[in-house]
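The structure appears below as structure tokens.
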Amino acid sequence: MVIDLDPLRGMGDLVIGMPLEDAERILREIPGFVPPAPGEVRNKGFAHYESELSISLDFDPRGVVRAIELFRPEGDVQVVFRGLSLFEEPADVVISRLSEIFRVEIEDEELNVTAPDVFIGLWRSVTPEDSGGEEGYYFESALIAAPGYGA
């Protein structure tokens, strides 16, 4: 499955600016959705999938979706922005390709990378240099948001 991110708009039927209740219904309809186990409590706007993909929605006090964050899947799910696979390509490649097209801001020693003009942010908890091992080569989450988000 390929999830194509369209910052400012959303992904697939999930649209930034839609009511949270509608967005949660769409999250449940995405193939591979894993319902909460009996007794498990999940935050509003959070969904987990068989591929280990997780999606978390941020919403305002009125219940309107302001941002969509996707967490790196393990299985056969690709998260793509303009043909670039954000979790399958090494973080260095993603940064390089994004910076060829957009203004890119790099913070926290390459842990947080944003392309503010297209409202996309990428995050990883460590860099390969920090981990001394296999961790940090790939981004762990991607966030798309409405203008003004986080301001």
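The values are calculated or read from the model by the stated rules, or taken from the named source; none is laboratory data. Being a predicted model, the structure only gives us computed values, none of them experimental. All Cβ positions, even for glycine, are placed from backbone atoms using ideal geometry, and neighbour counts span all protein chains on display. These area figures cover heavy atoms from the full protein model, side chains too; ligands, DNA and RNA do not enter into them. Shrake-Rupley method; radii C 1.70, N 1.55, O 1.52, S 1.80 Å.
Okay, here's what the table says:
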| item | result |
| --- | --- |
| Residue match in segment 113-121 (condition: open to solvent by 40 Å² or more (accessible area, probe 1.4 Å), out of contact with any Phe, Trp or Tyr (no Cβ under 9 Å at 6 or more places or on another chain), assigned to a strand (DSSP E or B) and not aliphatic (A, V, I, L, M)) | yes |
| Selected residue (criterion: surrounded by the fewest Cβ atoms within 10 Å (Cβ to Cβ)) from residues of segment 65-97 that are over 15 Å from residue 118 (Cβ atoms) and aromatic (Phe, Trp, Tyr) | 71 |
| Unmet requirement for residue 44, which otherwise passes all of (1) over 20 Å from residue 116 (Cβ atoms); (2) surrounded by 14 or more Cβ atoms within 10 Å (Cβ to Cβ); (3) touching a Leu at 6+ places or on another chain (Cβ under 7 Å) | (2) |
| Residue in segment 25-32 that is open to solvent by less than 60 Å² (accessible area, probe 1.4 Å), of a type outside the set (Phe, Trp, Tyr), over 14 Å from the mean Cα position of the chain (by Cα) and more than 27 Å from residue 136 (Cα to Cα) present | yes |
| Some residue of segment 98-109 being under 16 Å from residue 3 (Cβ atoms), open to solvent by 80 Å² or more (accessible area, probe 1.4 Å) and not basic (Lys, Arg) | no |
